């Protein structure tokens with residue numbers, strides 16, 4: 001099974017590389033999309049990866065604006081220093097590796113852009129230098145979005161009326177064009193060796209690079225966007241979409257049963273230098289309790305989210321706001337009775353309740369001067385039903401009171417001396433972590449011990 | 001559900017399979033064909049910033065509806081050649097215009113010139129009145145009347161652009177970059193080199209109101 005998966009991955013990679021190489025002649029050393037359009041990064045990005053209105057149209061147009069490039073590749077690398085306020089657990093052991101010294105955290109290669117007037121996309125392959133316990137590097141597929149698009153004009157030939165397309169991707173919301181949704185929501189990059197909270201909703205990054213989504217979308221008069229996609233675990237033909245990811249550890253990743261629906265509806269309005277979006281998105285997911293046992297019955301998770309975005313983009317002053325709330329209803333129709341009977345399913349969850357809710361809130365505001373000097377403040381919160389079976393006490397990673405609640409703020413300062421280079425300072429301040437402000441893990445650790453400072457150099461080329 | 005999965009796999013196969021397909025070569029040289037290319041460009045690309053039919057909403061991007069055909073073509077060439085070297089020209093237009101051949105540039109000029117012009121936006125009455133005076137009479141001893149080249153109603157003439165109903169912020173920005181020679185326009189530079197910021201603001205408010 002594993003060998004077959006690798007074989008298919010290699011075949012797919014070879015296929016894609018050949019497809020691109022068949023089209024190449026010469027190379028230019030700038031990011032792929034900018035090279036394709038000849039435009040600067042700021043045409044599409046407030047600052048990468050947050051999109052401008054034009055950037056949204058570029059993405060919805062299947063990345064097909066401009067001239068197809070002979071070698072549509074781009075590179076990305078991040079070098080940073082992470083400092084955790086208290087990186088020792090109650091036994092005095094170091095919690096996360098390689099803090100307080102500069103490390104190459106990750107590097108990616110992108111193949112992306114236009115293939116024909118109606119087909120485009122991008123594939124990201126990432127080398128994570130701090131994989132596992134931080135001692136070894138590991139590479140695998142990252143975000144991927146491939147599209148076929150079409151459009152029709154207004155009768156007076158002044159504007160697009162319908163813009164429509166198909167997308168194949170490997171992360172719910174990676175295909176979305178508003179940065180209020182999780183895949184390209186703030187923070188745009190995180191410390192590679194920070195301390196993670198116990199709970200997150202499924203659409204908040206829990207399925208990335210594990211699933212294959214195939215969906216259709218329409219965008220009417222640059223106003224109303226609707227998308228319907230089906231997500232399934234990236235098996236078989238789709239296995240390259242999770243190439244290099246660990247799928248063998250019981251309970252390690254989430255595995256879907258069948259094809260599960262994802263929807264997205266958004267209203268967009270632009271006036272003056274402003275744009276506003278109000279929207280909703282969600283998914284109904286059937287999850288195997290243990291990802292290595294895809295023959296059991298499934299738990300059912302339903303995520304329903306609302307989101308909003310406002311942007312003001314002008315010559316000197318740019319400010320943007322994003323908000324989303326994801327409400328997740330967790331129906332442990334398999335895991336709960338199994339746990340109750342004393343026979344949990346493999347490495348799956350052991351809930352103390354038949355049903356739980358989990359809510360994600362994210363609110364972020366950004367200001368940029370001259371598109372070079374930026375500051376962002378985000379308030380983030382995850383909270384929900386106490387469940388001692390899911391959130392048990394344990395040093396650093398556990399919860400003494402069985403609550404999933406984590407809340408805090410992220411402050412980020414950015415300086416972009418060049419449009420493709422971001423120097424950033426990021427600070428995570430926690431008011432609550434895994435359920436409490438003080439002694440949250442049951443062995444005396446306060447939430448603020450997890451406060452993290454991250455200085456990062458982020459280069460795309 | 002298996003059928004649905006199979007269906008999605010087939011769609012995915014179609015999409016990924018098509019990635020390898022060579023793009024169809026195409027060329028067009030007739031005026032009609034150029035018009036078609038221009039309409040496609042205008043509706044699918046230009047309109048994202050310059051608005052439907054050239055009626056942009058963002059003041060970063062100029063309104064093109066009803067603009068003088070000769071001026072539009074000249075500006076496309078100026079972007080391509082680097083004569084317009086202000087930051088926005090470099091960031092947004094340099095790359096886009098290098099993809100536009102001469103026939104398509106001419107067709108884009110024709111397309112936008114015939115688009116219905118938008119309504120003006122009323123501004124501060126005092127600024128509009130002061131701007132009207134600058135536009136029609138110039139500034140005594142330093143700046144000649146704008147109307148002498150741009151027309152009594154700011155409708156433009158040939159390579160002199162239409163200024164009526166243009167975004168005020170865009171006009172101010174262009175006056176600044178011409179004054180500082182970031183945008184290479186020797187004649188205009190000579191005329192406005194002594195134009196003061198308040199006069200720029202006023203004349204822009206007047207023009208936006210037309």
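Considering only residues in the range A:262-281 that are in contact (Cβ under 8 Å) with a residue 40 or more places away in the chain and more than 30 Å from residue B:166 (Cα to Cα), the one that is surrounded by the fewest Cβ atoms within 10 Å (Cβ to Cβ) turns out to be A:265.
For the range A:244-269, the set of residues classified as within 20 Å of the chain's Cα centre (by Cα) and closer than 18 Å to residue A:292 by Cβ consists of A:244, A:245, A:246, A:247, A:252, A:253, A:254, A:255, A:256, listed by residue number.
Any residue at all in the range A:180-189 that is in contact (Cβ under 8 Å) with a residue 24 or more places away in the chain and outside any loop (DSSP other than H, G, I, E, B)? The answer is no; no qualifying residue exists. Taken together, the residues in the range A:315-344 that are assigned to a helix (DSSP H, G or I) and either touching a strand residue (DSSP E or B) at 6+ places or on another chain (Cβ under 8 Å) or crowded, with 18+ Cβ neighbours inside 10 Å (or both) amount to 4.
Taken together, A:259, A:253 contain a single residue that is farther than 25 Å from residue A:374 by Cα and free of Cβ contacts under 8 Å to residues at least 40 places away in the same chain, which is A:259.
The set of residues in the range A:282-296 being more than 14 Å from chain B (Cβ to nearest Cβ) and surrounded by fewer than 16 Cβ atoms within 10 Å (Cβ to Cβ) consists of A:293, A:295. On the stretch given as the range A:255-267, residues that are touching a helix residue (DSSP H, G or I) at 6+ places or on another chain (Cβ under 8 Å) and more than 19 Å from residue A:174 (Cβ to Cβ) total 1. Please verify whether residue B:119 is closer than 18 Å to residue B:34 by Cα, more than 11 Å from the chain's Cα centre (by Cα) and either part of a loop (DSSP other than H, G, I, E, B) or within 14 Å of chain A (Cβ to nearest Cβ) (or both), treating the condition exactly as stated. So residue B:119 fails the test. Can you pull out every residue in the range A:155-175 that is farther than 16 Å from residue A:211 by Cα and modelled with pLDDT of 95 or more? Scanning the range A:155-175 gives A:162, A:163, A:164, A:165, A:166. Under the condition of being closer than 17 Å to residue A:461 by Cβ, in a helix (DSSP H, G or I) and out of contact with any helix residue (DSSP H, G or I) (no Cβ under 8 Å at 6 or more places or on another chain), the residues counted in the range A:34-75 number 2. Residue-level check: of (1) surrounded by 18 or more Cβ atoms within 10 Å (Cβ to Cβ); (2) in contact (Cβ under 8 Å) with a residue 24 or more places away in the chain; (3) within 30 Å of residue A:157 (Cα to Cα), residue B:150 misses just (2).
Taking every residue in the range B:36-52 that is more than 7 Å from chain A (Cβ to nearest Cβ) and within 15 Å of residue A:117 (Cβ to Cβ) and pairing it with any residue that is modelled with pLDDT of 90 or more and part of a helix (DSSP H, G or I), at least 6 positions away or on another chain, the pairs with Cβ-Cβ distances below 6 Å are B:37/B:104.
So which of A:243, A:197 is modelled with pLDDT under 95, closer than 30 Å to residue A:343 by Cβ and in contact with a helix residue (DSSP H, G or I) (Cβ under 9 Å, 6 or more places away or on another chain)? One residue alone meets the criteria, A:197. Among the residues examined, residue A:425 does not qualify as modelled with pLDDT of 95 or more and either part of a loop (DSSP other than H, G, I, E, B) or crowded, with 21+ Cβ neighbours inside 10 Å (or both).
Here residue B:99 passes the criteria (1) without any contact (Cβ under 8 Å) to a residue 12 or more places away in the chain; (2) more than 14 Å from every other protein chain (Cβ to nearest Cβ) except the one numbered (2). Considering every residue within the range A:35-57, establish whether at least one is modelled with pLDDT under 50 and within 12 Å of chain B (Cβ to nearest Cβ). No. In this structure, residue B:111 does not satisfy being away from every other protein chain (no Cβ under 14 Å) and in a helix (DSSP H, G or I). Just wondering, is there one or more residues in the range A:268-281 that are more than 9 Å from chain B (Cβ to nearest Cβ), at pLDDT 95 or above and closer than 28 Å to residue A:126 by Cα? Within the range A:268-281, one or more residues are more than 9 Å from chain B (Cβ to nearest Cβ), at pLDDT 95 or above and closer than 28 Å to residue A:126 by Cα.
Specify the residue that is surrounded by the most Cβ atoms within 10 Å (Cβ to Cβ); the eligible residues are those in the range A:112-153 that are within 11 Å of another protein chain (Cβ to nearest Cβ) and without any contact (Cβ under 8 Å) to a residue 12 or more places away in the chain. Ranking the candidates gives A:153 first.
The values are calculated or read from the model by the stated rules, or taken from the named source; none is laboratory data. For clarity, every value in this text was computed on a predicted model and none was experimentally measured. Neighbour counts run over all protein chains shown; Cβ positions are idealised from the backbone, glycine included.
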